[in-house]
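Q: The following block contains the structure, expressed as structure tokens.
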Amino acid sequence: MADSVKTEPQKQPLLREEPAHHGEEWRDQELPSRRQRARSYFQQHPRARWVLALLAIAVIVAGVWVWRYYAVRESTDDAQIDGYIYPVSARVSGTVTQVRFDNNMYVEKGAVLVELDPTDYQVAFERAHADLADAEATAQAARTSVPITHTGTSSQLSMAQAALATAQKEEQAARARVADVEAWYKKAASDLRRMQQLIAKDEVSQQQYDAAVAAEQAAQATVEAARANLAAAQSRVAQAEAGVRSAQTAPQQVAVMRSRAGAAEAAAQRAKAAVEQARLNLQYTTIRAPVAGVVSQRNVEVGQVIQPGQPLFGIVDLDNIWVTANFKETQLKNMRPGQPASVKVDAYGHTYWGHVDSIGGATGARFSLLPPENATGNYVKVVQRVPVKIVFDKRQDPQHLLRPGMSVVPTVLTK
């Protein structure tokens, strides 16, 4: 028993000191045995080699296919659905009498949203109509006066010219009369002078002398009367000439009347514009939906007094939505407008189809409130993102399930 106890401790160190040597011998002996077993396995199962070869080929083909599949596709989860939100505001002031729609209700284009009290605008419309009737009557009278003035001034000119011709002829006759009586007066005065010489010599009778004196006086009176008639004829000529000059202003008078008619026409046009504005203001008391969509952000109640420009609703146009995908700048190498794209919507787990419409003109950072300023030298290169607009193909969302702001994952097929 003692010998056996002593020999056991001596065997344990031998096992601990030679593990590497025994391991190498074991591997040298085990490797040929594995190869032999593999050869024996393949010898027993000759089709296994073909199965392994086919699996290797399948793995290579799958790897190539996966690489080619993802090499021509660019995807991002930094994307959302966008759309137009049309603000609806008042164009005139007034008191709200009726609100027909509430938030999240669908409205058709042209549907009445809000009605205002139209009483004041109806009165203004009727007053504008009355002003228009007055202005049109004034314009019609002014238009009629133009041909009347033209005809009247033409007749006046003809009459003035005829009166001038008559006065000139009367003046000529008066001048001839004056010349005639002056010649008679000269003869009478000459006869009187001879009679004075003869009466002094008592060669003629006193009666003959008195007759010569009376003839001279009568001739002088006749000359004075003829000269007075000539002066009157000359005055009539001057008056006729003034009448002609006055009548010759007919074109200016017609132009004045035409200007008055034009002013009346302009006043009628202003009145017509006032009527149209009053009609529009009356129409603006009925506020309608500019587009079809879903009502949101209602800010109006019955009885509220609103002012022009005050926002009342927002209408989301669900017929015109798209995807704004913020791709990394390194993903845009082969991306072009018109390339097909798939859009997976997180809310529904459904995939929609569309195509790239356009690529943004600048990165999103350039449109931020505080764009980065790299001129200070503290530059750290960061991969930028560029917004890409992806539009949906038609008739993919007839129930209008898609909403602006929803998160999506678009994938663009670049080749």
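Any read-out appearing in this document is the output of simple, stated calculations on the displayed coordinates, not a laboratory observation. All values derive from a computational prediction rather than experimental measurement. FYI the Cβ positions are ideal-geometry reconstructions off the backbone, even for glycines, and counts take in every protein chain you see.
Q: Roughly speaking, what is the centre-to-centre gap between the range 68-144 and the range 401-415 when only Cα atoms are used, to the nearest Å?
A: Distance between centres, Cα-based: 33 Å.
Q: Could you work out how far apart the two model spin labels at SER75 and SER259 are, taking each label as a point 7 Å from the Cα in the direction of the beta carbon, and quote it in nm?
A: Using points 7 Å along Cα→Cβ, the separation is 8.2 nm.
Q: What is the extension gain from GLU373 to GLN122, computed as 0.36 nm multiplied by their sequence separation minus the C-alpha to C-alpha distance, in nm to one decimal? Provide the component values of the computation, followed by the final result.
A: Numbers: separation 251, 0.36 × 251 = 90.36 nm, distance 5.83 nm.
Gain on stretching GLU373 to GLN122: 84.5 nm.
Q: Round to the nearest 0.05 the FRET efficiency obtained for VAL64 and HIS355 when R0 = 25 Å and r is the Cβ-Cβ distance. Kindly include the intermediate steps, with their values, before the conclusion.
A: Numbers: r = 27 Å, r/R0 = 1.09.
With R0 = 25 Å, the Cβ-Cβ based efficiency is 0.35.
Q: Taking the simple approach of a point 7 Å from Cα along Cα-to-Cβ for both GLN310 and TYR106, what is their distance in nm?
A: With each label point 7 Å from Cα toward Cβ, the separation is 3.1 nm.
Q: I would also like to ask the following. Straight-line reach only, C-alpha to C-alpha below 16 angstrom: list the aspartates and glutamates that LYS169 could link to, leaving out same-chain residues fewer than 8 apart.
A: Result set, ordered by chain and number: GLU241.
Q: Given R₀ = 60 Å, FRET efficiency for ARG270-VAL391 by Cβ-Cβ distance, to 0.05? Show your work: numbers first, answer last.
A: Details: r = 48 Å, r/R0 = 0.80.
About 0.80, to the nearest 0.05.
Q: Also, I was wondering about something else. For the ranges 294-303, 179-188, what's the packing order if you count other beta-carbon atoms within 10 Å of each residue, average per peptide, and put the highest first? Walk me through the numbers before you get to the answer.
A: Working: 294-303: 14.4, 179-188: 16.3.
In decreasing order of mean packing, 294-303, 179-188 become 179-188, 294-303.
Q: Anything over 28 Å Cα to Cα? Flag those among LYS109/LYS272; LYS109/LYS394; LYS328/LYS415, in the order listed.
A: Numbers: LYS109/LYS272 30 Å; LYS109/LYS394 20 Å; LYS328/LYS415 18 Å.
As for pairs spanning more than 28 Å Cα to Cα, those are LYS109/LYS272.
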